[in-house]
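Written below as structure tokens is the structure these notes are about.
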Amino acid sequence: MGKLNVTLMRYLTPEDFRVLVAIEMGMKNHELVPGPMAASIANLQHGGVHKLLRELCKHKLLSYERGKRYDGYRLTNTGYDYLALHSLTKRNVIGSFGNQIGVGKESNIYTVADPDGRELCLKLHRLGRVCFRKVAEKRDYHKHRKSASWLYLSRISATKEFAYMKALHDRSFPVPKPIDFNRHCVVMELVQGTLLNHVADVQDVEVLYDELMNLIVNFANSGVIHGDFNEFNIILNENEKPVVIDFPQMMSTEHPNAEMYFNRDVTCVREFFKKRFCFESETFPIFSDIQRSDTLDAEILCSGFTRQMAKDINLELGFEDSEDNDKLSSDEEFFDAEPEINKNFETLGDPRNPVSINDIFSNTEMLKMDKYSDDSFSESDSEQFESASIRSTVTTIHPEEIKRRIKLETKNRVRNAQRRKCVAKGEANAVTRTRRENRDIVKTSKGIWGYE
């Protein structure tokens, strides 16, 4: 993926961002969001929204896709970037956008500046790349979910990293200072230094080796394991002091595979020093050397940590079992805190879901049906009902049967009208397209159908 071009942001109107937010909200429970549903959520006119949707698709902020059952719009990575940057700009966190300074298997790194001109670092999480798609195996983001969009998983990754970084920074660990985050973007302090992988020589190799090993042990004593502690995630500042970055994969020392990850971090450092600096030490930490002194994993709910573990650890360390530990929220409760979508849009806006009679009664059409109920109706409605009764006497149809047929006819009329509204204006309907394809197949398959 190339560099993010933010030039278009200055030309986008509030209505454009309103439509992007509507598509984002619709994607919470729709793979493809129909145009009428986007217009309803955005609370804009359908014709104007369709024009905005076309323009956003033209600039690749949205993607229009044709499915087998229905067509709709999907938010692209660039559109998601624009939404996050727009929110950070309105918070006065970001004032200008700079160059790209790094690319990882699951993120892009850029330099930005606040309104006062102070340089910051912006990390855009990019889960879903071809080189890193085994997220279900490498991370526990999915939990019990069968599937989730890459945008949603990127948001979870960014939220986790910000929580880890803030907790570590509050404990005076050598990590960048977290500033703010939104969706899949994390804004942090820009560390002035050189990546350890690009360092060819240091003044004191032994001191640097001891500092890195002590960091691994101090992490573990606080209850966490970095999980990816290597030369690509360590920066040496001007004083050759290490600064650790990249935290989405951190886990608790209570994780079933904690010892394996701890030993892997130690081995990565030892192998790098052996190859780069020809330095090999016989002393290195082991997992049994850990002496827990903090409950950082309980505070941020690291991978492999449960509520019962939090209670046991607090009891072992002599801490009081506070109400916060009893009310530890799960990742799903925290990460699913999205704006609620109108229930009418959820049910009636999806062409895949049939419209039930209860949904129809909940709308204004229920007022029309109440005219034929036995509870209350106006005099004019009474006259209409009496005329229907007279006609029923002539045709020997029971009045209750007439009421049932009228309700059924009204139900079908409302359902058909709703189906027509769900057709994407300006594009071919998926149902009609499928019927045409089937009709062409039947015409061309003369031998199969018995025609000469």
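A few points about this structure:
- Taking the range 34-68 as the range and being open to solvent by less than 30 Å² (accessible area, probe 1.4 Å), assigned to a loop (DSSP other than H, G, I, E, B) and within 19 Å of His86 (Cβ to Cβ) as the test, only Leu61 passes.
- Pairs with Cβ under 9 Å, 6+ apart, first in the range 217-232 and touching a residue at least 60 places away in the same chain (Cβ under 8 Å) and farther than 27 Å from Ala200 by Cβ, second in a helix (DSSP H, G or I) and polar (S, T, N, Q): none
- Residue in the range 150-161 that is modelled with pLDDT of 90 or more and in a strand (DSSP E or B) present: no
- Identity of the residue in the range 235-266, open to solvent by 70 Å² or more (accessible area, probe 1.4 Å) and part of a helix (DSSP H, G or I), that ends up nearest to Ile290 (Cα to Cα): Glu259
- Gln384 meets each of the listed conditions (1) of a type outside the set (A, V, I, L, M); (2) surrounded by 10 or more Cβ atoms within 10 Å (Cβ to Cβ); (3) assigned to a helix (DSSP H, G or I); (4) at pLDDT 50 or above apart from (4).
- Residues of the range 71-88 that turn out to be in contact (Cβ under 8 Å) with a residue 60 or more places away in the chain and either open to solvent by 20 Å² or more (accessible area, probe 1.4 Å) or part of a strand (DSSP E or B) (or both), as a count: 7
- Residue in the range 420-438 that is modelled with pLDDT of 75 or more, of a type in the set (Asp, Glu), out of contact with any helix residue (DSSP H, G or I) (no Cβ under 6 Å at 6 or more places or on another chain) and over 30 Å from Leu53 (Cβ atoms) present: no
- Pairing each residue of the range 54-69 that is in contact (Cβ under 8 Å) with a residue 40 or more places away in the chain and farther than 16 Å from Arg433 by Cα with any residue that is open to solvent by less than 80 Å² (accessible area, probe 1.4 Å) and hydroxyl-bearing (Ser, Thr, Tyr), provided the two are 6+ apart or on different chains, yields C-beta distances under 7 Å for Leu61/Thr76; Leu61/Thr78; Leu61/Tyr82; Leu62/Tyr73; Leu62/Thr76.
- Some residue of the range 22-33 being open to solvent by less than 20 Å² (accessible area, probe 1.4 Å), under 16 Å from Ser87 (Cβ atoms) and in contact with a helix residue (DSSP H, G or I) (Cβ under 8 Å, 6 or more places away or on another chain): yes
- Only one of the numbered conditions (1) more than 24 Å from Asn233 (Cα to Cα); (2) touching a residue at least 24 places away in the same chain (Cβ under 8 Å); (3) open to solvent by 30 Å² or more (accessible area, probe 1.4 Å); (4) not β-branched (Val, Ile, Thr) is not met by Gly95, and that is (2).
- Residue within the range 100-107 that is among the β-branched types (Val, Ile, Thr), within 23 Å of Thr76 (Cα to Cα), open to solvent by 30 Å² or more (accessible area, probe 1.4 Å) and modelled with pLDDT of 70 or more present: yes
- Residue check: Lys3 meets all listed conditions (1) open to solvent by 20 Å² or more (accessible area, probe 1.4 Å); (2) farther than 28 Å from Gln100 by Cα; (3) part of a loop (DSSP other than H, G, I, E, B) but one, namely (2).
- Any hit, the range 198-205, residues being open to solvent by 30 Å² or more (accessible area, probe 1.4 Å) and under 19 Å from Val103 (Cα atoms): yes
- Filtered residue count, the range 157-207, keeping only those that are within 25 Å of the chain's Cα centre (by Cα) and of a type in the set (A, V, I, L, M): 9
The values are calculated or read from the model by the stated rules, or taken from the named source; none is laboratory data. As the structure is a computational prediction, the values presented were derived from the model and not from experiment. No Cβ is skipped: glycine too gets one built from the backbone with ideal geometry, and neighbour counts run over all protein chains shown. With ligands, DNA and RNA removed, areas are computed over all heavy atoms of the protein, side chains included. Shrake-Rupley method; radii C 1.70, N 1.55, O 1.52, S 1.80 Å.
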